[in-house]
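Here the structure is laid out as structure tokens; the discussion comes afterwards.
What follows draws every value from the coordinates through simple rules; no lab data is involved. Computed from a prediction, not measured in an experiment: that's the story for all the values here. Note that we place each Cβ from the backbone using ideal geometry, even for glycine, and neighbour counts take in every protein chain shown.
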Amino acid sequence: MMRTIFTLILICCFSIGFTQNPIEKEGWELTFNDEFNNHKLDREKWQDYYYWGGRSNNDGLTYFGVNQFQFSDSSLLIVAEKKVSKDTIPYTSGMIDCNRSFKQQYGYFEIRSKNPKGTGFWPAFWLVSTEKWPPEIDIYEFYTNVPNRIKTNQHWLDKKEKKHMQPKGYKMKVDASTDFHTYAMEWTPKKITWYLDNKKIKTSRQGMKFFNYKMHIIVSVGVSDVNEMNLKDAIFPNALEVDYVRVYTSSLE
């Protein structure tokens, strides 16, 4: 009888409280994360402007303002508004950059997020180096006039001073603004592999010798009229909602 009771207790414990921590990944060690549960931006991890000090997007339409953030109980909302900035740029949005707190070469980089709804927005989760540009790795970019197309890019510069990129994207089965999805990238010395909801969607082995710097994360929401975005039909305010950002290094090396 006592053995039966003990067995039942063990079964209950494992089913209730001893399941694997969802942050943990087998074969990986967590090196950086933000779960966005504190109802404010962690300024020790993030700044709200580019690593070189810039606040304007390169399309000239978006100014990345101070405190363009809202919070749910467990997520960050990066808010885009039709609001003229002090520099007379017509739209104000937000971005987060972790270059002062974290940089890493190789590993597994992951975000769980939900896109702004409707056309006119340019959300992105990407890596760059403070040493030089390029290289750059875009884990995702969306032009939200096509709400189910993920752009997965690499940028590098070869010895002939020619810029290269691998812009092939991936078509999701659903609109990325209707629910949260997990987007990730595994970066090794030999290849880069992209994932959607834990499913591999693309692998590249090109240009890898040029990705030889530690890189940091930027999560940004531009407002744009490129690629037939029909900005006149955009709905404001709008937001990219981020559940978490996590980075791992291989524990097998």
- request: Rank A80, Q154, V66 by how far each Cα sits towards the positive end of the charge dipole of the stretch 33-168 (+1 on Lys, Arg Cβ; -1 on Asp, Glu Cβ) and give me just the farthest.
  value: Q154
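I need to check one value: relative contact order of the chain, counting alpha carbon pairs closer than 8 Å and at least 6 residues apart, in percent.
It rounds to 27 percent for the chain.
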query: For the chain, what is the charge dipole size about the Cα centre, in debye to the nearest 20, if Lys and Arg each add +1 at the Cβ and Asp and Glu each add -1 at the Cβ?
result: 780 debye
- prompt: Using a simple spin-label model with points 7 Å from Cα along the Cα→Cβ vector, what separation in nm is obtained for T249 and R43?
  reply: 2.9 nm
- line: With a 27 Å threshold on alpha-carbon distance, the violating pairs from K83/K199; K117/K202; K40/K114; K25/K163; K168/K209; K163/K232 are K83/K199; K25/K163; K163/K232
query: What is the spread of the Cα atoms of the stretch 31-250 along each of their three principal axes, largest first, in whole Å?
result: 43, 37, 36
- prompt: If we count other beta carbons within 10 Å of each Cβ, what is the order of W133, W156, fewest first?
  reply: W133, W156
- line: For the pair K117 and T182, the simple spin-label estimate (label points 7 Å beyond Cα toward Cβ) gives in nm 2.5 nm
query: Measuring from centroid to centroid over Cα atoms, what is the spacing of the stretch 117-169 and the stretch 236-251 in Å?
result: 16 Å
